[in-house]
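Below is one structure, written out as C-alpha coordinates; the observations come after it.
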Amino acid sequence: MNQEILERYHQTNHFGDKLGIKLSINEPGNVTYQVEVKKEHLATLNSVHGGFLAAIMDQVVGTSALTIATIEGNVVSTVELKMNFLSGAFLGDKLVAKGIVLKKGKRLLVVEGKIYNQNDKLLVTGMATLNAYPFSKSDMNFK
(Lines give C-alpha, C1' and ligand atoms only; values in the text may rest on other atoms or scores of the structure.)
Protein backbone atom coordinates (compact mmCIF):
# COMPACT_ATOMS: atom_id res chain seq x y z
CA MET A 1 0.00 0.00 0.00
CA ASN A 2 1.06 3.54 -0.63
CA GLN A 3 0.44 5.23 2.72
CA GLU A 4 0.74 8.76 1.29
CA ILE A 5 -2.07 8.19 -1.23
CA LEU A 6 -4.27 6.58 1.44
CA GLU A 7 -3.71 9.54 3.76
CA ARG A 8 -4.60 12.01 1.01
CA TYR A 9 -7.75 10.04 0.27
CA HIS A 10 -8.80 10.24 3.91
CA GLN A 11 -8.03 13.98 4.00
CA THR A 12 -10.38 14.59 1.09
CA ASN A 13 -13.11 12.04 1.93
CA HIS A 14 -15.50 14.37 3.74
CA PHE A 15 -18.46 12.12 2.89
CA GLY A 16 -16.92 9.20 4.79
CA ASP A 17 -16.45 11.48 7.79
CA LYS A 18 -20.09 12.57 7.54
CA LEU A 19 -21.22 8.93 7.58
CA GLY A 20 -19.37 8.39 10.87
CA ILE A 21 -17.62 5.23 9.70
CA LYS A 22 -14.41 3.88 11.24
CA LEU A 23 -11.88 2.13 8.99
CA SER A 24 -9.63 -0.85 9.76
CA ILE A 25 -7.22 -2.08 7.08
CA ASN A 26 -6.74 -5.79 7.73
CA GLU A 27 -4.31 -6.20 4.82
CA PRO A 28 -4.12 -4.86 1.26
CA GLY A 29 -7.39 -5.75 -0.45
CA ASN A 30 -9.23 -6.52 2.80
CA VAL A 31 -10.82 -3.76 4.90
CA THR A 32 -13.53 -3.35 7.51
CA TYR A 33 -15.69 -0.35 8.38
CA GLN A 34 -17.77 0.02 11.53
CA VAL A 35 -20.60 2.44 12.21
CA GLU A 36 -23.44 2.81 14.68
CA VAL A 37 -26.83 3.62 13.17
CA LYS A 38 -28.00 7.06 14.28
CA LYS A 39 -31.18 9.05 13.78
CA GLU A 40 -29.76 10.85 10.72
CA HIS A 41 -29.33 7.46 8.96
CA LEU A 42 -33.03 6.57 9.15
CA ALA A 43 -35.68 6.53 6.43
CA THR A 44 -38.53 5.94 8.87
CA LEU A 45 -38.84 6.13 12.66
CA ASN A 46 -36.57 3.12 13.19
CA SER A 47 -35.38 1.76 9.81
CA VAL A 48 -32.15 2.67 8.04
CA HIS A 49 -32.34 4.33 4.62
CA GLY A 50 -31.11 2.06 1.82
CA GLY A 51 -28.98 4.90 0.49
CA PHE A 52 -27.01 4.91 3.74
CA LEU A 53 -26.28 1.20 3.33
CA ALA A 54 -25.35 1.79 -0.33
CA ALA A 55 -22.94 4.54 0.73
CA ILE A 56 -21.30 2.21 3.26
CA MET A 57 -21.04 -0.49 0.60
CA ASP A 58 -19.41 1.90 -1.87
CA GLN A 59 -16.95 2.99 0.83
CA VAL A 60 -15.94 -0.54 1.80
CA VAL A 61 -15.51 -1.89 -1.74
CA GLY A 62 -13.76 1.30 -2.86
CA THR A 63 -11.33 1.37 0.02
CA SER A 64 -10.58 -2.35 -0.38
CA ALA A 65 -9.68 -1.71 -4.02
CA LEU A 66 -7.74 1.44 -3.12
CA THR A 67 -5.42 -0.46 -0.77
CA ILE A 68 -4.38 -2.62 -3.74
CA ALA A 69 -4.36 0.11 -6.42
CA THR A 70 -2.09 2.40 -4.40
CA ILE A 71 0.69 -0.18 -4.59
CA GLU A 72 1.12 0.86 -8.24
CA GLY A 73 0.48 4.56 -7.53
CA ASN A 74 -3.15 4.41 -8.63
CA VAL A 75 -6.49 5.45 -7.18
CA VAL A 76 -9.91 4.00 -8.03
CA SER A 77 -13.43 4.98 -9.00
CA THR A 78 -16.53 2.80 -8.88
CA VAL A 79 -17.84 1.94 -12.34
CA GLU A 80 -20.44 -0.64 -11.28
CA LEU A 81 -22.06 -1.53 -7.95
CA LYS A 82 -24.72 -4.21 -7.44
CA MET A 83 -26.34 -4.85 -4.08
CA ASN A 84 -28.83 -7.22 -2.50
CA PHE A 85 -30.66 -6.02 0.61
CA LEU A 86 -31.35 -9.16 2.65
CA SER A 87 -32.56 -7.69 5.92
CA GLY A 88 -33.09 -4.29 7.50
CA ALA A 89 -30.91 -2.28 9.84
CA PHE A 90 -32.33 -0.25 12.70
CA LEU A 91 -31.60 2.62 15.04
CA GLY A 92 -28.80 1.70 17.42
CA ASP A 93 -27.49 -1.21 15.34
CA LYS A 94 -23.73 -1.50 15.16
CA LEU A 95 -22.89 -2.31 11.55
CA VAL A 96 -19.75 -4.00 10.28
CA ALA A 97 -18.95 -3.74 6.57
CA LYS A 98 -16.31 -6.00 5.06
CA GLY A 99 -14.72 -5.65 1.66
CA ILE A 100 -12.34 -7.99 -0.10
CA VAL A 101 -10.74 -7.76 -3.54
CA LEU A 102 -11.56 -10.90 -5.51
CA LYS A 103 -9.69 -10.06 -8.73
CA LYS A 104 -7.22 -7.42 -9.83
CA GLY A 105 -6.77 -6.98 -13.53
CA LYS A 106 -4.66 -4.50 -15.46
CA ARG A 107 -7.17 -1.66 -14.89
CA LEU A 108 -10.23 -3.18 -13.24
CA LEU A 109 -10.71 -4.63 -9.78
CA VAL A 110 -13.65 -6.79 -8.71
CA VAL A 111 -14.57 -6.48 -5.05
CA GLU A 112 -17.10 -8.23 -2.82
CA GLY A 113 -18.73 -6.39 0.07
CA LYS A 114 -20.92 -7.52 2.96
CA ILE A 115 -22.65 -5.61 5.74
CA TYR A 116 -23.54 -7.31 9.03
CA ASN A 117 -25.26 -6.17 12.21
CA GLN A 118 -23.91 -6.61 15.75
CA ASN A 119 -25.38 -10.14 15.89
CA ASP A 120 -23.36 -11.14 12.80
CA LYS A 121 -26.55 -11.24 10.73
CA LEU A 122 -25.86 -10.61 7.04
CA LEU A 123 -27.90 -7.58 5.95
CA VAL A 124 -26.47 -6.61 2.56
CA THR A 125 -24.26 -8.25 -0.05
CA GLY A 126 -22.59 -6.37 -2.86
CA MET A 127 -20.29 -6.75 -5.82
CA ALA A 128 -18.43 -3.90 -7.46
CA THR A 129 -16.11 -3.19 -10.35
CA LEU A 130 -13.65 -0.35 -9.90
CA ASN A 131 -11.38 1.37 -12.39
CA ALA A 132 -7.77 2.03 -11.37
CA TYR A 133 -6.11 5.14 -12.78
CA PRO A 134 -2.97 7.16 -11.98
CA PHE A 135 -2.99 9.26 -8.82
CA SER A 136 -1.56 12.14 -10.89
CA LYS A 137 -4.90 12.31 -12.77
CA SER A 138 -6.98 12.53 -9.59
CA ASP A 139 -8.22 15.64 -7.86
CA MET A 140 -6.32 14.52 -4.75
CA ASN A 141 -3.03 15.46 -6.39
CA PHE A 142 -2.21 18.44 -4.21
CA LYS A 143 0.82 19.46 -2.18
Within region 105-125, tally of residues that are crowded, with 17+ Cβ neighbours inside 10 Å, among the hydrophobic types (A, V, I, L, M, F, W, C) and closer than 29 Å to Ser47 by Cα: 4
Search result, residues across region 121-143 that are in contact with a helix residue (DSSP H, G or I) (Cβ under 6 Å, 6 or more places away or on another chain) and assigned to a strand (DSSP E or B): Val124, Gly126, Ala128, Leu130, Ala132
Residues of region 89-120 classified as among the acidic types (Asp, Glu) and part of a strand (DSSP E or B), total: 1
Residue within region 63-81 that is loosely packed, with under 15 Cβ neighbours inside 10 Å and farther than 18 Å from Arg107 by Cβ present: no
Some residue of region 126-133 being surrounded by fewer than 12 Cβ atoms within 10 Å (Cβ to Cβ) and over 24 Å from Val35 (Cβ atoms): no
Subset of region 8-51 [in contact with a strand residue (DSSP E or B) (Cβ under 9 Å, 6 or more places away or on another chain), within 19 Å of Asn84 (Cα to Cα) and assigned to a helix (DSSP H, G or I)]: His41, Gly50
Hey, Asn46 in contact with a Phe, Trp or Tyr (Cβ under 6 Å, 6 or more places away or on another chain), of a type outside the set (Val, Ile, Thr) and modelled with pLDDT of 90 or more or not: yes
Yes/no for Lys114 being closer than 23 Å to Gly20 by Cα and charged (D, E, K, R): yes
Some residue of region 67-88 being part of a loop (DSSP other than H, G, I, E, B), modelled with pLDDT under 95 and either charged (D, E, K, R) or at positive phi (or both): yes
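The values are calculated or read from the model by the stated rules, or taken from the named source; none is laboratory data. What you are looking at is a predicted structure, and each value in this text was computed from that prediction instead of being measured. Note that we place each Cβ from the backbone using ideal geometry, even for glycine, and neighbour counts take in every protein chain shown.
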